[in-house]
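Accompanying notes for the structure given below.
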Amino acid sequence: MQLTVNFSAVILLAVALFCVGLYGALARKSAIGILMSLEMMSMAVTINLITLGRFVSPHPLDSWFFTVFLMVISAAEVGLGLALTIALYRRSHTSEVDEVDELKG
Amino acid sequence: MLNTIAFVVLGAALILGAFSVVTVRNVMHAAYWLLEVSVVVAGLIYFLSAEYVAILQLLVYVGAVGMLVIFTIMLTRRDPRDDERPDSYSYFALAAALLLFAALAFSVVKSPTLVARPGAASTSLVDFGLQMFSTSGWALGFEIASLLLTVALIAAVWWTKERDD
């Protein structure tokens, strides 16, 4: 299926998604909320890769491989992050990152 | 015309879902919105004629990551007052995000608009598989990725298991 898209519009959409994710990663206090924001930033990078592959990459399939490996890394990242959240919850009975201040000077 | 309508609908759904993920107070509702964002991103990838990646996006983000997030929320009991606490440093986060958006949007608008290459959509899944598993292609990367996932799995089990200490 061949659809025509505007390059700048898709990239701007990915930029918007990345920046909203950045806001969430900085402003959220729940560790799970921060991880969800990181996932959105990773999805913005996915959109970017696919768009650039559609428009500029030397081989059309290159962006597919990059995206698949990005998904692997992102899945490993969120799996470890959520495991850390559960470990944190076991230890301090909260998943809010601002309440974990035992190492604060 | 149909392209424009589909793109505007997808874009609006994406931005609405993304704002909901970061602003909704209840983490469980945010997780549902994250599922919506994942589905819309899959639609956008399909729109860019990468059908196989769109299916992978659905499987990995909606199927695996979404379920993982929801199960973690259910395993960590939340304090009900967490939903009412104000975000103390959200103005700093807002300023950082707006600055980054301004800088990136400026550079995107200033850069030349590209047109899609002819024949860019004529990529087949057979080519993808052949290149992924050929030693002159991405086979090494594939093996490293599987190793990474195994290590992540073991580490996740190690961190979350009950300890006596």
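What follows draws every value from the coordinates through simple rules; no lab data is involved. Keep in mind that what you see is a predicted model, and the values were worked out from it rather than measured. Here the Cβ is made from the backbone with ideal geometry for all residues, glycine too, and neighbour counts use every protein chain on show.
Per residue of B:42-54, other chain Cβ atoms within 10 Å of the residue Cβ number 6 on average.
A Cβ-based charge dipole, computed about the Cα centre of the protein assembly as shown with Lys and Arg at +1 and Asp and Glu at -1, lands at about 400 debye.
On a 0 to 90 degree scale, rounded to 10, what angle separates helix A:62-92 from the longest Cα axis of chain A? Taking the Cα atoms of chain A, the angle to A:62-92 is about 10 degrees. Averaging Cα coordinates gives a centre for the stretch A:59-101 and one for the stretch B:1-29; these two points are 22 Å apart. Taken residue by residue and averaged, Cβ atoms of other chains lying within 10 Å of the Cβ of A:68-78 number 6. For the stretch B:1-78, just say rounded, prolate or oblate: build the C-alpha gyration tensor, square-root its eigenvalues into a ≥ b ≥ c, call rounded for a/c under 1.5, and beyond that prolate if a/b exceeds b/c, oblate if not. Since a/c reaches 1.5 but b/c is at least a/b, the shape of the stretch B:1-78 is classed as oblate. Cut-off is 10 Å between beta-carbons; in what order do A:Lys104, B:Lys161 appear when sorted fewest neighbours first? In increasing order of surrounding Cβ atoms, one gets A:Lys104, B:Lys161.
Oblate is the label for the protein assembly as shown, because a/c, from the alpha-carbon gyration tensor with a ≥ b ≥ c as root eigenvalues, is 1.5 or above and a/b does not exceed b/c. From its DSSP helices (H runs of at least four residues, each -39,500 (n - 2.57)), the protein assembly as shown gives a residue-normalised ellipticity at 222 nm of -24000 deg cm²/dmol.
Using C-alpha pairs below 8 Å separated by at least 6 residues, the relative contact order for chain B is 14 percent.
Arranged from fewest to most other beta-carbon atoms within 10 Å of their beta carbon, B:Thr23, A:Thr46, A:Thr85 become B:Thr23, A:Thr85, A:Thr46. Distance between the pseudo-spin-label points of A:Ala87 and B:Ile5 (7 Å out from Cα toward the beta carbon): 5.2 nm.
Residue by residue, the stretch B:97-110 carries 3J(HN,Hα) couplings of 5, 5, 4, 4, 4, 4, 5, 5, 5, 4, 5, 5, 5, 6 Hz when phi is fed to the Karplus relation 6.51 cos²θ - 1.76 cosθ + 1.60 (θ = phi - 60°); x denotes Gly or Pro.
Couplings for the stretch A:28-35, taken from phi via the Karplus curve 6.51 cos²θ - 1.76 cosθ + 1.60 with θ = phi - 60°, read 5, 9, 7, 4, 5, x, 4, 5 Hz in order; Gly and Pro are left as x. Rounded if a/c is under 1.5, else prolate if a/b is larger than b/c, else oblate: which is chain B, with a ≥ b ≥ c the root eigenvalues of its Cα gyration tensor? Verdict is oblate for chain B.
Neighbour counts of C-beta atoms inside 10 Å place A:Phe7, A:Phe18 in the sequence A:Phe7, A:Phe18, starting with the fewest.
Each of A:Ile47, A:Ala76, A:Leu88 was scored by the projection of its Cα onto the charge dipole of chain A, and the greatest displacement toward the positive side belongs to A:Ile47; charges sit on the C-beta of Lys, Arg, Asp and Glu. Label-to-label distance, B:Tyr32 versus A:Glu77, with points set 7 angstrom from Cα along the beta-carbon direction: 2.7 nm.
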